[in-house]
Amino acid sequence: MPSTSLSPGSIQPTLDQVVTRPIVRKRRLILTILISILTLCMSLLLAFHAYIAWTLARPHIDPLHSDPMRAVGLPYSSITFPSLNGTSHLDGWFIPAQSNKTVIFSHGYGGNREELWVPLYNLARELHMQSYNVLMFDYGYVQPGNERIMTGGIQESQELLGAIQYVKHLSDGPIYIWGFSMGAGTALQAALQQGSDISGMILDSTFMLNPDTLYHNMKQVVNVPKFPSLPLVRLFFPLLNGVSLREVPYKKVTSTDYSMPIYFIHGTEDSKAPYEMVEDIFKVQHDAQSKLWIIPKAQHELLYRAEPKKYVSTTLSFLNGLSTPAPAAVHSSGIPSSL
């Protein structure tokens, strides 16, 4: 059997092979680097929007600075009461007056029962002088050391209804809600559930956490595109916080004709909640005592500071007028006649 021998040259790589192998390795390296960069970018993108969803539910809250007695000389009692669904307990202050009518303050996102920029202490003093009991309380996500989160009014409406039940055990008189920003949106959600317990509402800078306002507020912090930022935040919110923003009944809130008189107050320069939304809600109200005041150039929750005297006079006039029967007529004007 003849043997075959390999010459030294026959086992050497060809010139094409020598040239091709480094090129293939280089291409693979470039592809690996590109995939790694893409993976890193995607991870950072997802982490960024997860962080937004996480912090949105856990706003920074300043501690209480004072109390009704130190701030404006009003005697008060420290109180604790459960939410209507019994899943949280709320802390607050009750300021008694010589009457059976009560105003409950519903504070906004990022604030507490003091809401210093409004400021609530001054309003509490004005109400006390008009013989209204006043209840000021913190929503569950505000309390120090509490693991509760902000839910856009889903749980907060149950907590506001808990405050109403607390007052009902003290008095059989009328109960009014005075809400600010998300606290005003929460008041509307509470009114959807138990409107018969609420005799009237004053809603300052009403904010509802819907997709448009969520993106609008995200953009105030960082200029991100609506897609994919909004879908990603809405995706991560329930994953990280256990509650979906889709549960906020914003469509029903903004289309309901409520059973009680409502005084809407809003500013044209509100950067968090467009005043057109409030105008649309007001249009579907048919209670003759409901009113709307749009303040030119006023900003979010700074309406008191924009027109302090008129703000106090018109709000108190609205509350005091609710005890007087209204004429049987459908309102058409968006501006109170007293303004």
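Derivation of every value follows stated rules applied to the coordinates shown; laboratory data play no part. Just so it is clear, the model here is predicted, and its values are computed rather than measured. As a convention, Cβ positions derive from the backbone with ideal geometry for all residues, glycine included, and neighbour counts pool all protein chains shown.
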FRET efficiency estimate (nearest 0.05) - Cβ-Cβ, residue 67 to residue 100, R0 30 angstrom: 0.80
Cα→Cβ-extended label distance, 7 Å offset, between residue 79 and residue 28, nm: 7.4 nm
Local electrostatic count at residue 141 - Lys and Arg +1, Asp and Glu -1, tallied over other residues with Cβ under 12 Å: -2
Sequence ranges 33-39, 274-280, ranked by mean other-Cβ count within 10 angstrom, highest first: 274-280, 33-39
Total formal charge among the other residues, if their Cβ is under 13 angstrom from that of residue 84, Lys/Arg +1 and Asp/Glu -1: -2
Kirkwood hydrodynamic radius of region 108-162, from inverse mean 1/r over distinct Cα pairs, in Å: 12.5 Å
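Going highest first, how would you order 62-68, 153-159, 263-269, 242-248 by mean Cβ packing within 10 Å?
Details: 62-68: 13.4, 153-159: 24.9, 263-269: 21.6, 242-248: 15.4.
Top of the packing list down: 153-159, 263-269, 242-248, 62-68.
In units of 2.2 N^0.38 Å, what is the alpha-carbon radius of gyration of region 58-182?
Normalised Cα radius of gyration, region 58-182: 0.98.
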Förster radius 51 Å - calculated FRET efficiency between residue 131 and residue 46 (Cβ-Cβ, nearest 0.05): 0.40
Above-threshold pairs, the threshold being 23 Å between Cα atoms, out of 168/291; 101/291; 251/309; 251/272: 168/291; 251/309
Neighbourhood net charge (9 Å Cβ-Cβ; Lys/Arg +1, Asp/Glu -1) for residue 298: -1
Amide H contacts under 5 Å for residue 268, placed H, 5+ residues apart: 295, 297, 298
Semi-axes of the equivalent ellipsoid for the chain, Cα gyration tensor, largest first, Å: 59, 22, 17
Distance (nanometres) between label positions extended 7 Å along Cα→Cβ at residue 297 and residue 226: 3.1 nm
For region 164-285, diffusion coefficient by Stokes-Einstein and Kirkwood Rh (Cα), 37 °C, 0.692 mPa s, µm²/s: 209 µm²/s
Protection proxy ranking of 88-98, 44-54 - average other beta-carbon atoms within 10 Å, highest first: 88-98, 44-54
Kyte-Doolittle mean at least -1.0 and Cα axial length at least 20 Å: DSSP H helices in the chain: 15-56, 154-170, 226-241
